[in-house]
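The values are calculated or read from the model by the stated rules, or taken from the named source; none is laboratory data. Keep in mind the model is a prediction, meaning the values are calculated, not measured. Every residue, glycine as well, gets a Cβ built from its backbone with ideal geometry; the counts of neighbours run over all protein chains shown.
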Amino acid sequence: MPGLQADAKKEETSKKQPHSGVESKKLLLLPVDKAKIQLDVLTYFSESAYYTAFVAFKKEINSTFEPSPLLKEREEIRIFAADGKFLKVLAATQKLLPCLLFNTPGMAFEVIKQDILEDMYIRNRSEGSALVRIEKELSPIVLDHPDLLPNLEDLVSSILFGESSQEEVIIRRDAIFTSINQLLLMSVDYVIQNSIKSLLMGVSSALEMPEVTVLSKNCKMLHGILESLTS
């Protein structure tokens, strides 16, 4: 009967609740490795370009953990991206590692494309303005790299038929920054590794590498290594 079934369900539920409560208390009593959690937080801030948060948390827990290279500069780029200022993202990235976007034309294309979409959907510029920018800023990249032609065609279609939205443009900001951030970290790692190889062959040859000169100005660790070896 319905009444008996309801009572049975209530009784079953009341039996389960104390059990789940006991399990929850057991979970709360499990030992927590506080030092590991703190290290994980610092690592996240460091790798994800949160310089201000990294410095504050490191000071709070009195840690000696060293951040990933170019953390302050990467945070600046992250903030530009979060604000939708992708021409500033482009300029800051090129200033940091001049050859990075030259060596990854697809990434350069995506950064400029994002700024054009920001123009249309966030800054309320016209379709005509967007098409002019595509012709002026993206066509030269595609001429040098024909494999990007489908990307260009998709963008033009998106502009003409309104296939994107303000929400999609905003969501895309983080994805593009994440790609740039990963490229920066991989490039820095590559430069440092090759610098060390060159140092083993001779300090002077390493110092002549233009990428080492640029990076040493922005990376304290590499600058310190070079300075100690040449002093």
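If you check every pair at least six apart or on different chains, which have Cβ atoms under 8 Å apart with a residue in the range 75-96 that is over 22 Å from MET120 (Cα atoms) and without any contact (Cβ under 8 Å) to a residue 60 or more places away in the chain first and a residue that is assigned to a helix (DSSP H, G or I) and of a type in the set (A, V, I, L, M, F, W, C) second?
From residues that are over 22 Å from MET120 (Cα atoms) and without any contact (Cβ under 8 Å) to a residue 60 or more places away in the chain, the pairs are GLU76/ALA92; ALA92/ILE77; ALA92/PHE80; GLN94/LEU100; GLN94/LEU101.
Quick one: is SER164 outside any helix (DSSP H, G or I), of a type in the set (Ser, Thr, Tyr) and at pLDDT below 95?
So SER164 fits the description; yes.
Exactly one of these conditions fails for ILE112: (1) among the hydrophobic types (A, V, I, L, M, F, W, C); (2) over 13 Å from the mean Cα position of the chain (by Cα); (3) over 29 Å from LEU160 (Cβ atoms). Give me its number.
Answer for ILE112: the failing condition is (3).
Restricting the search to the range 39-72, which residues are crowded, with 19+ Cβ neighbours inside 10 Å and part of a helix (DSSP H, G or I)?
LEU42, PHE45, SER46, TYR51, PHE54, LYS58, LEU71
Which of (1) in contact with a Lys or Arg (Cβ under 7 Å, 6 or more places away or on another chain); (2) aliphatic (A, V, I, L, M); (3) not assigned by TED's automatic domain parsing to the domain that holds ILE112 does ALA81 not meet, given it meets every other one?
Among (1) in contact with a Lys or Arg (Cβ under 7 Å, 6 or more places away or on another chain); (2) aliphatic (A, V, I, L, M); (3) not assigned by TED's automatic domain parsing to the domain that holds ILE112, ALA81 violates only (3).
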